[in-house]
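Asks: Structure provided below as structure tokens; questions to follow.
Please treat every number below as a calculation from the coordinates, not as lab data. This one's a predicted model, so the numbers in the text were calculated from it and none came from an experiment. Note that we place each Cβ from the backbone using ideal geometry, even for glycine, and neighbour counts take in every protein chain shown.
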Amino acid sequence: MIRFFITFLVLQAALFGAELTPWAQQFFVVPWTNTLAAISANLVTLADPNVIAIGKVLRSNTNGFAVSIEAGCNGVEATIVLLAAVLAFPAPWKNKLIGLAAGVVAVQGLNIVRVISLFYLGQWNYKVFEWAHLYVWQALIMLDVLVVWLVWVRTLPRARDDRDGGPPASGGVRPPAPAAAATA
Amino acid sequence: MGGPVARFVLRALAWLPVAFAVWYFAAPLLLWPAKLLIDVIARLWFADIIRGVEQTGAIVTFVTTLKPGQATAASGAVAIDVNALLYSFGLPLYAALVLAAREPHWPRNLAIGYAVILPFVAWGVLADFLKTVAIAAGPLVASQTGFSAWQREVIAFAYQFGSLILPTVVPAIVWVITHRRMFERLRSASP
């Protein structure tokens, strides 16, 4: 368990530090964020044709309201956390790659829901928008990351973890009783 | 998604509004220990620029020794307000996760999480203040802080890490650590 958390924290800090470099911002974060805005606009226009994406900004042509997708709302940090958690956990590389691919889709999918919901909440009530933006969606995205990781961990082959003495075993936790496992 | 995880998520989603409401209305009390910690850190390491730390509701106010402009006398001092809610929303997230887990000793787990998360709330609030005076407030104020270029880089990183990563990641880490038995059960059950 300790090894997992240390690896997770080191990976996370390194990836986050790398994300903040001008190079990563220019070649990854900005294009990623612009793509997120474009996807959001494309989805929204299915029901509301008066919405456009300009760079990282999602704008309504009806009332001029716009949201700019900034750091923390582009899902990059959530993806970094998931990436670090999956890479740090002892598992075959094939499982890690599958987990990362599915996990990124799940996290970014919910993040698009966040962007679109905030876009309309902002037009409806700014106080509700602020609450949802600053607190609620932050918690929901992290809950999503945690759930994706838990689901991924459940798909891993147990035999390998047991042989390797995976994180929980090294943390001194006894394996569950068979009855508990069957009913969980 | 497996059954146990799905049920856990639904319970967590049900607890989140309750936890957010308690956190919001009890914030002055819940965040008071974090303010005390910030006060201690301010006295120990930033006594030259922080004269006092005050709390009004969820707002932590740093009363500084810094002057707002070039005038050196009788021009007042800079006071910076930081909204501690921005760095403490991990508390309701953690509470919802603990209550959704339905594990024994949940009050103890809540207390452990609260104690572990609070220093990171202090980190976020303090880093926000330092970012404001050292970077965002402009050269007239920043020059009085005496921070070097590399120290401002550290402050910028601490602020970004303290606002974008720590508020949500710390509760998740503490939850996994305090719920290893449940984690094991989830792993053991068939997907």
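Asks: For the range A:1-119, which helices (runs of 4 or more DSSP H) that fit wholly inside it have 3 or more residues that are among the hydrophobic types (A, V, I, L, M, F, W, C) and more than 27 Å from B:Q160 (Cα to Cα)?
Replies: Details: elements: A:2-19, A:30-44, A:76-88.
Those helices (runs of 4 or more DSSP H) span A:30-44.
Asks: Can we say B:E184 is part of a loop (DSSP other than H, G, I, E, B) and either more than 22 Å from A:A14 (Cα to Cα) or under 12 Å from the mean Cα position of the chain (by Cα) (or both)?
Replies: Details: part of a loop (DSSP other than H, G, I, E, B): no; either more than 22 Å from A:A14 (Cα to Cα) or under 12 Å from the mean Cα position of the chain (by Cα) (or both): yes.
Here the answer is no, as B:E184 does not meet what is asked.
Asks: Does the range B:50-64 contain at least one residue that is part of a loop (DSSP other than H, G, I, E, B) and over 25 Å from B:L164 (Cβ atoms)? Before the answer, list the steps.
Replies: So in the range B:50-64, the residues part of a loop (DSSP other than H, G, I, E, B) come out as B:57-58.
Right, trim to over 25 Å from B:L164 (Cβ atoms) and you get none.
Checking the range B:50-64: not a single residue is part of a loop (DSSP other than H, G, I, E, B) and over 25 Å from B:L164 (Cβ atoms).
Condition check ((1) of a type in the set (S, T, N, Q); (2) in contact with a Ser or Thr (Cβ under 6 Å, 6 or more places away or on another chain); (3) over 22 Å from A:W137 (Cβ atoms)) across all residues:
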{"residue": "A:L15", "(1), (2), (3)": "no, no, no"}
{"residue": "A:Q25", "(1), (2), (3)": "yes, no, yes"}
{"residue": "A:T33", "(1), (2), (3)": "yes, no, no"}
{"residue": "A:N42", "(1), (2), (3)": "yes, no, no"}
{"residue": "A:A47", "(1), (2), (3)": "no, no, no"}
{"residue": "A:V51", "(1), (2), (3)": "no, yes, no"}
{"residue": "A:L58", "(1), (2), (3)": "no, yes, no"}
{"residue": "A:N61", "(1), (2), (3)": "yes, no, yes"}
{"residue": "A:G64", "(1), (2), (3)": "no, no, yes"}
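Asks: Something else now. Condition check: crowded, with 17+ Cβ neighbours inside 10 Å, of a type in the set (S, T, Y) and farther than 29 Å from B:D81 by Cα. Does B:T178 satisfy that? Reasoning before the result, please.
Replies: On the way: crowded, with 17+ Cβ neighbours inside 10 Å: yes; of a type in the set (S, T, Y): yes; farther than 29 Å from B:D81 by Cα: yes.
Criteria met by B:T178.
Asks: Scan B:T64, B:T56 and give me the residue that is surrounded by 20 or more Cβ atoms within 10 Å (Cβ to Cβ) and of a type outside the set (A, V, I, L, M, F, W, C).
Replies: Working: B:T56 fails: surrounded by 20 or more Cβ atoms within 10 Å (Cβ to Cβ).
Matching residue, one of B:T64, B:T56: B:T64.
Asks: Being within 20 Å of the chain's Cα centre (by Cα) and surrounded by fewer than 20 Cβ atoms within 10 Å (Cβ to Cβ) is true for just one of B:P139, B:P171, B:P107, B:P119. Which residue is that?
Replies: Values: B:P139 fails: within 20 Å of the chain's Cα centre (by Cα); B:P171 fails: surrounded by fewer than 20 Cβ atoms within 10 Å (Cβ to Cβ); B:P107 fails: within 20 Å of the chain's Cα centre (by Cα).
Answer to the selection: B:P119.
Asks: So if I check each of B:L97, B:L186, which one is at the interface with chain A (Cβ under 8 Å from one of its Cβ atoms), closer than 30 Å to B:P4 by Cβ and surrounded by 23 or more Cβ atoms within 10 Å (Cβ to Cβ)?
Replies: Unique residue meeting the criteria: B:L97.
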